[in-house]
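> Right, I'll just put the structure down here and ask away after.
No lab work stands behind these numbers, since they all come straight from the coordinates. Note that the structure is predicted; figures quoted are calculated from it, not measured. Backbone-built Cβ (ideal geometry, glycine too); neighbour counts: all protein chains shown.
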Amino acid sequence: MIYNIAGLLTGNLGDSQQHEIENESLRISGHSIKKINGQVRLMRTDRTVLVNAEIEAETHDSCSRCLEPATVNVFVNMEEEFTPLNADLVDGPNNRTDDDYYDSALIIDEQNFLDLTEGLGQAILGALPIAPLCKDDCLGICPTCTVNRNIIQCSCAKSSFDLRWAGLAKLMEKGAESAD
Ligand SMILES: [Zn+2]
Ligand SMILES: [Zn+2]
């Protein structure tokens, strides 16, 4: 996912390139992102290159309910501006002040290579679910006997329900006694 965009930078405003991303992978913050597929469009603006990437990808995590491995599918539509370090090609970066902030993930290096890996990785990280699931209807772990309820059907839910009713019945009994 590294593109040489010298041609784009020396071209006209609004020039664009399109690239296919096929079965790429990357690692970011301990996450291994695989099967990255989609399209990336690069467009020259006056001082930057506007990158639009529409991709889908896959990663693996633990299910937030049952803790078993879960395959997580993620869809990302990223739009970011990359700034060229090569001041010969575009007017702008030479004039930047110390106040300007440049995200190191969104830089086009001096050899005019635009590396999408980190920027896209950050976008994918942001799109990962906070509570991944192994399947939409995962039943999770029983809080009482800790079995995986996708595999074993325990009877805890029913008995804890009964216990609560028993407790309530006792309270009502007490209430009835004190009322006497
Ligand atoms: Zn699960
Ligand atoms: Zn149980």
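> For the pair SER64 and LYS170, what calculated FRET efficiency results from E = 1/(1 + (r/R0)^6), where r is the Cβ-Cβ distance and R0 = 30 Å, to the nearest 0.05?
In this case the efficiency is close to 0.25.
> In nm, to one decimal, how far is the LEU125 label point from the ASP46 one, both placed 7 Å along Cα→Cβ?
Between LEU125 and ASP46, the label points sit 3.3 nm apart.
> Tell me, SER29, SER62 in order of fewest to most beta-carbon neighbours within 10 Å?
SER29, SER62
> Ranked by Cβ crowding within 10 angstrom, fewest neighbours first, how are CYS66, CYS142, CYS154 ordered?
Going from sparsest to densest Cβ surroundings: CYS154, CYS142, CYS66.
> Amide H neighbours of HIS60 under 5 Å, at least 5 residues apart or on other chains, H built in the peptide plane: list them.
Counting only residues 5 or more places away or on other chains, the set is SER32, VAL72.
> Mind checking the full-extension length gain between GLN153 and SER16? Use 0.36 nm per residue of separation minus the Cα-Cα distance, one decimal, nm.
Gain in length upon complete extension: 43.6 nm.
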